[in-house]
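Engineer: I am attaching a structure below and will ask some questions about it afterwards.
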Amino acid sequence: MKLKPASLLLALTAVAGGVAHADDAFFPLDLRYGQKLVISFETPSPRLPDADTIAIGNSNARGNSGIEYLFEFALFDGDQLLGSFTTDNAIGLRQDLPALFTSPDSNEMVTQAVVDFSSIRDGSIDGRLIISSVGDDASPLNVMTYNSLAFLVGMSEPEPDFPPAHFPHLIPQGNLVILDAVVVPSPTGVSLAALASVVLLGRPRQ
């Protein structure tokens, strides 16, 4: 994982400033330990041939102090897993540390997973983002409330050859369009791909 907090903050600035948050009609949602937040989405129009970064910011998320939150983020095209990563409560609780998926040719210096952006760029993706509450803390208090979600797609800028205060940032191209967002149980032994397929079959095609 490549990680530069200042760059994350700049990415957040793009998320929070001018692009607004993704459709809040599905929120708030409570994500408990062992559950999954399944978000179905599509890309905005027109096509995004230069897109190379997806930023996911938890806007106004609320959790309980003392809980060791751990989250898995998995990005799908239909039932095909494009990429996933696991991260700690800094990403789960704070919007100024957004989770980032990037393309192999992205200039962004911050990423948790590098994925194929072909279907994102041509607009054909049958998008699924699955956020799972995992880890060892099975306390009943392990509840994360998502009041809204910043779900941005954009294009990175090259990192200038300047002192460390200068970092790459994101050129926002729009919000990924949320079609549905639902919290579901996480049955033991059910793979992420199988779960994505079940959710796909249960939702009418837009």
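Engineer: Using 0.36 nm times the number of residues separating Asn147 and Ser124, minus their current alpha carbon distance, what extension gain do you get?
Structural biologist: Details: separation 23, 0.36 × 23 = 8.28 nm, distance 2.84 nm.
Length gained, Asn147 through Ser124: 5.4 nm.
Engineer: Order the peptides 74-80, 140-146 from the highest to the lowest mean number of other Cβ atoms within 10 Å of their residues. Intermediate results must be reported in sequence, preceding the final value.
Structural biologist: Numbers: 74-80: 19.4, 140-146: 17.0.
Put in order of decreasing packing, that is 74-80, 140-146.
Engineer: A further question on this structure: Report the Cα centroid-to-centroid distance between the range 26-51 and the range 98-127 in angstrom, as an integer.
Structural biologist: Measuring centre to centre over Cα atoms gives 14 Å.
Engineer: Still on this structure, I have one more. How much length is gained on full extension from Gln80 to Arg62, taking 0.36 nm per residue of separation minus their Cα-Cα distance?
Structural biologist: On the way: separation 18, 0.36 × 18 = 6.48 nm, distance 3.07 nm.
My answer for the length gained is 3.4 nm.
Engineer: Now a separate question. Separation between the Asp88 and Ser45 pseudo-spin-labels, each 7 Å from Cα along Cα→Cβ, expressed in nm?
Structural biologist: With each label point 7 Å from Cα toward Cβ, the separation is 4.5 nm.
Taken together, the values in this text are just the output of simple stated rules run on the coordinates, not laboratory data. Please read these numbers as outputs of a predicted model, since none were measured by experiment. So basically every Cβ, Gly included, is an ideal-geometry build from the backbone, and we count neighbours across all protein chains shown.
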